[in-house]
Each structure stands twice: as structure tokens, then as C-alpha cells.
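The block underneath contains the structure these notes are about, expressed in C-alpha cells.
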Amino acid sequence: MEGFLFYLGGAMMLLGGVAMVASRSAVSAACWLVLSFLGSAALFAALQAPFLAVLQILVYAGAIMVLFLFVIMMLEGPVMPAEAGRPKFWIPAGALVPAAIILVATARWVPGAGLPGFPGDLPPGFGQPVRVAQLLLGEYLLAFELISIVLVVAIIGALALGSNERTLPWK
Amino acid sequence: MNIIQHVANLLIRSVFHADPASWPWTWLVQAVVIGIAAFLAFAFVAIFAGPVSWIERRIAGRIQSRIGPNRVGPQGVLQWLADGVKCWLKEDLVPAAADRPLFLAAPYLVFTGMFGAFVVLPFGAQVVAADLNVGILYLLAITSLVVVGLLMAGWGSNSKWALFGGVRSAAQLVSYEVPSAFSLLCVVLLAGTLSTQGIVAAQGGWPWDWFIFRNPFMFAAFFLYFTAAIAEGNRTPFDLPEAESEIVAGYNIEYSGMRFLFFLFAEWANIWIMAAISAFAFLGGWQIPGIAPEQIAATKGWEFVGWQALSWTIFLVKATFLVFVVIQIRWTLPRLRVDQLMITCWKYLVPLSMLMVLGVLVLLALVPEGGGADTILRGAMVGLGLAVVLVSALRVRRTFRVDREHYREMEGRDLWYPPYRLP
């Protein structure tokens, strides 16, 4: 069951990610990204973390992507013209990714170390909302709050990128 | 063993007095029972949407002093079947300029988002497809997927009216999710769990055990949730995404045939979902007065089935009543303007809902459950609720009388018909 969910979620994520990068219209790209998020939610569900799976859908697929789509539609998202050739940096980038995957995969299988085992029994309350809340609002509170700064930076960046023709307050 | 198998075993054991685990074809029996259950849930969405569309049109006709559909079958009850067949046979048009994949996929995403919500709705004491420990959060998450579908439909149609509809609906849903989530947070605070069955179990059968009458803040939270949920479902007075006079029909304007019907399915399924959430989160859900859930679980045989059916009926009655309220509100109130819609949400509903959370937290800390103050609060709230019901009933009675008198004055004869006898 877990294996099935893993391959299903992984395939969804890969398909969504590749199609998102490859699609020419910004709206299509955003929709493919939603598929990718759904795949990662399935992976969380397979890892016995239903709370994270639901949050993944609620926050990323349901709220953030909707905002993305909303903004793209407001700004008349550009449709890339069909080009004769792909940009040149694609080729080294395309070679780097499989190389990195192979590196990671082989690093885990160094002789003697064996496969990193999956713990047979999960601790009680694993993945339950209560346990996640204890970690998030107790142990890692500072990191949790600091992450919100990243979001602020992202908002400012989107504002700067999205309105190149309009007058920005700092211009 | 998952919860569906568990329920299947429970049903088989109590009805046939046999242990399914001892049968050689256990998995087959379970698969058949689960298949039937899934089919029933799926059919419930489809079949519920049909008659409700007819009921809504009859009520609309009544409110607008016209007749409404009354030709197909007695009183027109089969109108929805005729509509369904008509839409099924219609050509499935895709505009030439449309973004084809997005246009084709959008109705399914909308419908899937709505249907996914039925997984955690607690229909009865043991009748729930999956009692997830994140149930109510799951409900919020899966219904928020609908927005993506609406935006895809709006964009994919390549029509400015559809795009306006889609963008409006996204803005509206994202805004009104905030007060509705805050109102449900009040419920979660009181219940101490996110599981839908846990929320029902934290309440009781009698009205003073319901969450709505627990304290004044919960009373207000119910109405806040109901308002926000109507807005999330794109229903009048918040149906700006479908405002005919401004943008013709909204995100579904370019759709025809069955794809168009999928949007309507989702809309009516959404009414049911919001009514069901209100019923189980605030109005006690399936709880039978005087019977504890443990007593139901302990019964055997047909008695068990009987209690299940009764709990199911209680839940359905509560939710269906709220569905009627939603329909009546739709045909009673005029539509808001876009700016009024956003002002209602961000300037009134959001601060109010935050106040509700704060109030519930304070009362949770100050008033111990089961104490004297708690009893007085609950009693006062039940009294307030009764007063509201009484005032509305008297008001309706008076309106009917005035209506009948007016008819007699104008026409000089008694041809006025009561609501249960339609032309």
C-alpha cells in the first residue's frame, strides 16, 4: 500500500514538475504545479503523516497556487512564443539533475552501510496534529517564525517583478 | 484494517450474526460492502443534486409569483431527470480559441473537490467513510481545490466574462475562507479534536448539549460560519461569480452539455456540504437525544441497524433543513456589489470571527464545563434560540395571512394556495 502510494505520488510529482517547467503558458504551468503538490501530499499520506498531507493541499494547492493563478490572470500571464531552440543553459542543467540523483542514490548505498532502514514501529502519536503542534510551536518556534520572513521577501519580490511598467513606491 | 472494513464487519456481524473474519471469502464480502457504500455515497451526490434543483426552482417560482417547472411527472418532480437527459444528449462544445486541456479538465477538478468532502462527513453513528484525525481540516483543504478548477475554467474558456467570473470567485473564496475557518476553529477549541466524529461525540442529543448553544460566542460563530459558507458556495447574495446582469454567467459561460452540468452538480453538492458541516459542527450532528453513542455501539442485530438509521435520519433532517434555508435566502436577498462583498468579509466578518475565537478561549478558561455558570449560559442560549425560532415562525405566519388577504381583496375570490399545495 505504501509502495503503491509512493510510486503514484512520485509519478505525479515528477510529471507535474517536468510539465510545469516545459509548459509555455503560465496558467498551465501553475496547474501542473498543483498536480505536483497533490503528489507530495500523497507522499506525506504514505509516510503516516495525514496532517502534513492535508496542510500541503490546504496551504499550497488550495491557497498559494490560487493566489498565483489569480495574480497571473490579473497580470495577463505571458504565453511563451514557440522558439526554434531551447535556451542553452538547459543542457548543462538537464545533465546536472540526473547526475545529482545518481550521486545521492549511490551515496546511500555505500558498501557496508546497507539500506537506511524504516523503523518498524512508529512512536505513539506520530504524525498526529497534537505532536506536530508541539514540535512547531514549542521546539522549533523560532525557526517557524523566521520562515515567515521568507514569505515577506517573496511577496516583495513578486511585486517588483510583476509590475515593471507601473510606478512602484520606491521608484 | 481500515475504518470502512471495520464498519462492513460491524454491519455483517450485527445483521447476519456471523463473523466475517471466519468466512473463506472475507475480502470479497468486504469488497462488495465497500463497493456498495462508495456507490451509495456517489449516487447520493448525484441524486441529491437532482431533486434539490427541482425544489429550488419550485421555491423560486413561488417566491417570484410564478409557477416553475410542473409538467414532467406529478408536480414536475421528474424535471431534473429530463434536464439531465437533455444535457447528456447535448453537444459537448469546446470553443476554438479555448485552452483545450484546461477547459476540458476544469469541471472534473471542481466535481472531485466537492465529492472528496463526502469522505469525512459523519452521516450516522457508525456511518462515515473515513474518520480521519484531521477531518475538518481535510474538509477545508479538499473544498479549497475547487477554486483551482473554477480558475482553470475561467482561464481556459478564453472569454473575458468567464475570466471575470473565475477571478471573482477566486477572490471571494480565498477571502471568505478566513472567517469560516475561524468559526470552525471555535468548534475545534471546544471539541479538542479535528476529527468529524470526535466533534459530534463532544456534543449531545439535546439542544443544550449542541455547540451552538454552548455560549454566546458559539451562537454568533454559527451565523458567521453560515454566512461565510454561503459566500464560499457562490450562492446569492454572494453569487458575484455568476452575476447574470454583469458578466452573463461567469466561469461556466462557455460550457455546454454534461460539462456544464458538472458545475451545477458541484454547486448543489456544495450546498449540502455546507449544511452538513453546520449540522455536525454546531447542531449536534447525528446525536440521538437520550442515547449515548456507546450504547448504540453496544447494541446488536436489527436494533443496531435501527439506531443507525435513526441517527442517519436525524442528521439528514438537520442538514436538509439548512439546505432549505440556503435556498430561501438565495431567492429573498438581493446580490451585493463587489466592493460590498469584500468590505463585508474583511472589515466585518474577519474581525468578528477573531473576536469569537478570543471569546470562546476566554470562556473556556473561565467557565468550567458542567458548572453552575455553564448551565446558566447554556439555558440562556437555548432560550435565545427558541425565541429566534418563535419570532421567525410568527413572522412567516403573519406574512402568509397578509398575502392571502391581499389576494382576496384584489381578485375577490379564494384562490390563494398554501405552500404545500402548488399549482
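Of all the numbered requirements in (1) touching a helix residue (DSSP H, G or I) at 6+ places or on another chain (Cβ under 6 Å); (2) open to solvent by 10 Å² or more (accessible area, probe 1.4 Å); (3) over 30 Å from B:Gln295 (Cβ atoms), B:Ala153 misses one, and that requirement is (2). The residues on offer are B:Val248, B:Val200, and the sole one that is open to solvent by less than 10 Å² (accessible area, probe 1.4 Å) and in contact with a Phe, Trp or Tyr (Cβ under 8 Å, 6 or more places away or on another chain) is B:Val200. For the stretch B:135-165, the set of residues classified as closer than 23 Å to A:Gln56 by Cα and of a type outside the set (A, V, I, L, M) consists of B:Gly135, B:Tyr138, B:Thr143, B:Ser144, B:Gly149, listed by residue number.
Which one of B:Ser183, B:Ser144 is more than 11 Å from chain A (Cβ to nearest Cβ) and of a type in the set (S, T, N, Q)?
On the way: B:Ser144 fails: more than 11 Å from chain A (Cβ to nearest Cβ).
Just one listed residue meets the conditions, B:Ser183.
Selection within the stretch B:147-168: residues that are more than 10 Å from chain A (Cβ to nearest Cβ) and small (Gly, Ala, Ser). The member of this set that is nearest to B:Met114 (Cα to Cα) is B:Ala153.
Condition check ((1) under 27 Å from the mean Cα position of the chain (by Cα); (2) at pLDDT below 90; (3) farther than 27 Å from B:Val325 by Cα; (4) open to solvent by 60 Å² or more (accessible area, probe 1.4 Å)) across all residues:
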| position | (1), (2), (3), (4) |
| --- | --- |
| B:Tyr348 | yes, no, no, yes |
| B:Met354 | yes, no, no, yes |
| B:Gly359 | yes, no, yes, no |
| B:Leu364 | no, yes, yes, yes |
| B:Val396 | yes, yes, no, yes |
| B:His406 | no, yes, no, yes |
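Taken over the stretch A:6-64, the criterion of being in contact with an Asp or Glu (Cβ under 9 Å, 6 or more places away or on another chain), assigned to a helix (DSSP H, G or I) and within 11 Å of another protein chain (Cβ to nearest Cβ) is satisfied by A:Val27, A:Ser28, A:Gly62, A:Ala63. Restricting attention to the stretch B:85-100 and to residues that are away from every other protein chain (no Cβ under 12 Å) and out of contact with any helix residue (DSSP H, G or I) (no Cβ under 7 Å at 6 or more places or on another chain), the residue that is least open to solvent (accessible area, probe 1.4 Å) turns out to be B:Pro95. Only one entry of B:Glu177, B:Glu244 meets the criterion of being assigned by TED's automatic domain parsing to the domain that holds B:Phe324, at pLDDT below 85 and of a type in the set (Asp, Glu), and that entry is B:Glu244.
Of the residues B:Phe111, B:Phe103, only one is away from chain A (no Cβ under 14 Å) and closer than 28 Å to A:Val66 by Cβ; which?
Values: B:Phe103 fails: away from chain A (no Cβ under 14 Å).
Unique residue meeting the criteria: B:Phe111.
Each row is one residue, and each column tells you yes or no for (1) within 18 Å of the chain's Cα centre (by Cα); (2) buried (at least 20 other Cβ atoms within 10 Å of the Cβ).
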site: B:Val119; (1), (2): yes, no
site: B:Phe123; (1), (2): yes, yes
site: B:Val134; (1), (2): no, yes
site: B:Val147; (1), (2): yes, yes
site: B:Ala162; (1), (2): no, yes
site: B:Ser169; (1), (2): no, yes
site: B:Phe211; (1), (2): yes, yes
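The values are calculated or read from the model by the stated rules, or taken from the named source; none is laboratory data. Just so it is clear, the structure is predicted and the values come from calculations on it, not from any experiment. Cβ atoms come from the backbone with ideal geometry, glycine included; neighbour counts cover every protein chain shown. Quick note on the areas: whole protein, heavy atoms, side chains included, nothing else; ligands and nucleic acids left out. Shrake-Rupley method; radii C 1.70, N 1.55, O 1.52, S 1.80 Å.
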